[in-house]
Amino acid sequence: MHEPLLTIRDLKKSFGRTEVLKSIDLDVGRGEVVAVIGPSGSGKTTLLRCINFLETYDGGSVRIDGAEVGYTEGRKRRGERALARMRAETGMVFQSFNLFPHLTAAQNVMLGLTKVRRKTKAEAREIAGHWLGRVGLGHKAEALPSELSGGQQQRVGIARAVAMEPKILLLDEITSALDPELVGEVLEVVRGLAAEGMTMLMVTHEIAFARDASSRIVFMADGTIAAEGPPVELIASAEANPRLFSFLARFRASHF
Amino acid sequence: MGYSLNFSVVWRNFDKLWGGLALSLELAVISLAIGIAIGLVLAVIYVSGGRFTRMAIAVYVEAFRNTPLILLVYLVFYGLPQIVDIRYDATTSFVATLSIYAGAYLVEVFRSGLEAIPQGQIDAGRAIGLTPLQRLAYVRLPAMVRISLPALSNTFISLFKDTSIASVIAVPELTWGAQWINLNTFRIVEAYLVATAMYLVTGYVMLFGLRLVERRFQVARNA
């Protein structure tokens, strides 16, 4: 049995006196697509942000490929350069896109390639062109984010993350800020990446998408993992889990 | 009353005004450049610094922003050489004063610009593995420039007008030129009217040009 790519053990995080994550254990295997669902405030986004250490954590460990992300073995916070190196191994796509507004679509993708991966401009341009083509935006390479629709911006965001060839892709409610008619084009890109074996951990409110695209669904509530399992089994077991049941009930009418 | 305007003496001595305007612009540009350097460095130190450095920078900013420029000009030109062993001509002394004065304003401009950058953009920079220095160079400063540009334009135009204060230590800029014409011809109204018009037109042309530059950047800012 291979060691999982991502191993989270006893992860704890508080904001002030509010415990946001209460001892989370989670493994994600290579090539696995795991969806995290749950009511807002359940700690989903915080969990994701701990994985690339955008958020510090108070206890437990997060390991990618066996290496602890934010801290050294003696629980000393890693230096900024080491942190930057670790973060380059995880890609992240944000709810609000967070493109660099002064850079074109291509330059957004190229920045990490040239500055972090030390590619030449020409190499970076080629890789950016490849990925922008993959997300259907080859013709928008020279467009500024302000000239793109939300769905297009988010696809650039995905291209920017995957162009770095991360070991794992973290998706943080990437369709929540989109107009309904633009959701599909973004999910299509994610589906394509999943089919190619990209390891992904995605926080999402698209329950139907989570059911169809993920190999496992994790249901979070009150800072804990309240249930997890393969999509069909998890949804089928909801009857026995009141919190999961009431959460899913809200979606049943519209999404199922 | 019956004061009859006669501009001919002004035109005869126009080189004093024209040369003065050139020097005024030069004073403003040099002071702005040095002020930008001071402002940038201190703003970056401020947002990443500890409590003590922040306090030291705040003291500098508040001290210079709340003191009349004319007093600073007197203190630096007449006062400082009495205390320490330095010599400088009036122009150098004024540029030094105006630069430090501009720096105090620009620290604030750049600091608020840096703090106005959405956290999401900084997070995006962290997420792709940029080091803090790289985030500063490729994400935060470019974003800050766009946010700060309007305030920077306003500061430049203020500085241009502030150069008139250099006349009190006989730096031969535009206001001094007008004074010279007045003292030598007693055509006070004509001399100052023409000088005022020159400040006005120059200031307006600068404003227009700077707004054009800002608009070029605006596209990128609205993302």
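The values are calculated or read from the model by the stated rules, or taken from the named source; none is laboratory data. What you see is a predicted model; the values in this text were computed from it and never measured. Here Cβ is always computed from backbone atoms with ideal geometry, including for glycine, and neighbour counts include all displayed protein chains. Each accessible area value is taken on the protein alone, full model and side chains, heavy atoms only, with ligands, DNA and RNA left out. Shrake-Rupley method; radii C 1.70, N 1.55, O 1.52, S 1.80 Å.
Values as computed for the structure displayed
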item	result
Rounded accessible area per residue of segment B:8-221, 1.4 Å, Å²	49 Å²
Length released on extending from A:Glu196 to A:Ser40, taking residue separation times 0.36 nm less the Cα-Cα span	53.1 nm
Nitroxide proxy distance, nm - points 7 Å out along Cα→Cβ at B:Ala58 and B:Val189	5.2 nm
Inter-probe distance in nm under a simple model that places probes 7 Å from Cα toward Cβ, at A:Arg85 and B:Glu214	4.5 nm
Those residues of segment B:189-208 whose amide nitrogen sits under 14 Å from the label point placed on B:Leu5, 7 Å along Cα→Cβ	B:189-198
Helical contribution to [θ] at 222 nm, DSSP H n ≥ 4, -39,500 (n - 2.57), averaged over chain A, rounded to 500	-11500 deg cm²/dmol
Sequence-separation-based contact order of chain B, relative, with Cα cut under 8 Å and 6+ spacing, percent	32 percent
Those chymotrypsin sites (Phe, Trp or Tyr not before Pro) in segment B:1-32 that DSSP places in a loop and that have at most 12 other beta carbons within 10 Å	B:Tyr3
Distance cut-off 29 Å, percentage of C-alpha pairs in chain B lying past it	40 percent
Column: log10 I(q)/I(0), Debye, Cα scatterers of segment A:96-165, q = 0.15, 0.24, 0.25 Å⁻¹	-0.37, -0.97, -1.05
Cα shape, segment B:1-93, gyration tensor, a/c 1.5 rule	prolate
The protein assembly as shown: Cα Rg divided by the 2.2 N^0.38 Å rule of thumb	1.32
Calculated over chain A: convex hull of Cα atoms, volume per residue (Å³)	137 Å³
Surface share of carbon and sulfur [accessible, 1.4 angstrom probe, percent] for segment B:27-149	68 percent
Nearest-10 value in Å² for the accessible area of A:Ser96, using the 1.4 Å probe	70 Å²
Tilt relative to chain B, helix B:141-162 - C-alpha long axis, 0 to 90 degrees, to 10	20 degrees
Compactness relative to 2.2 N^0.38 Å, alpha carbon Rg of segment A:136-201	1.09
Those GluC sites (Glu not before Pro) in segment A:1-110 that DSSP places in a loop and that have at most 11 other beta carbons within 10 Å	A:Glu73
When segment A:43-118 is reduced to its Cα atoms, the Kirkwood hydrodynamic radius in Å	13.9 Å
Pairwise FRET efficiency - B:Ala137 versus A:Thr18, Cβ, R0 = 25 Å, nearest 0.05	0.10
Prolate/oblate/rounded label for segment B:49-144 (Cα gyration tensor, a/c 1.5)	prolate
Set A:Lys12/A:Lys44; A:Lys22/A:Lys167; B:Lys16/B:Lys161; A:Lys13/A:Lys76 screened for pairs whose C-alpha atoms are more than 21 Å apart	A:Lys22/A:Lys167
Whole-percent carbon and sulfur share, accessible surface of segment A:63-214, 1.4 Å	48 percent
Relative contact order for chain A, counting Cα pairs under 8 Å that sit 6 or more residues apart, in percent	25 percent
FRET efficiency estimate (nearest 0.05) - Cβ-Cβ, A:Lys167 to A:Glu239, R0 35 angstrom	0.40
Where trypsin sites (Lys or Arg not before Pro) fall in DSSP loop in segment B:42-147, at most 10 other Cβ within 10 Å	B:Arg87
Chains B and A together, accessible area buried on both sides, 1.4 angstrom probe, square angstrom	2100 Å²
Residues of segment A:96-165: accessible area per residue with a 1.4 Å probe, Å²	39 Å²
Percent of Cα pairs exceeding the 22 Å cut-off, where the set is segment A:1-134	48 percent
Accessible surface ranking that places the most exposed of B:Ile70, A:Ile174 first, with a 1.4 angstrom probe	B:Ile70, A:Ile174
Largest to smallest accessible area among A:His139, A:His205, A:His130 [probe 1.4 Å]	A:His139, A:His130, A:His205
Partner chain coverage, peptide A:95-108 - average Cβ within 10 angstrom	5
Cα gyration tensor shape for segment A:83-131, rounded if a/c is under 1.5, else prolate or oblate	oblate
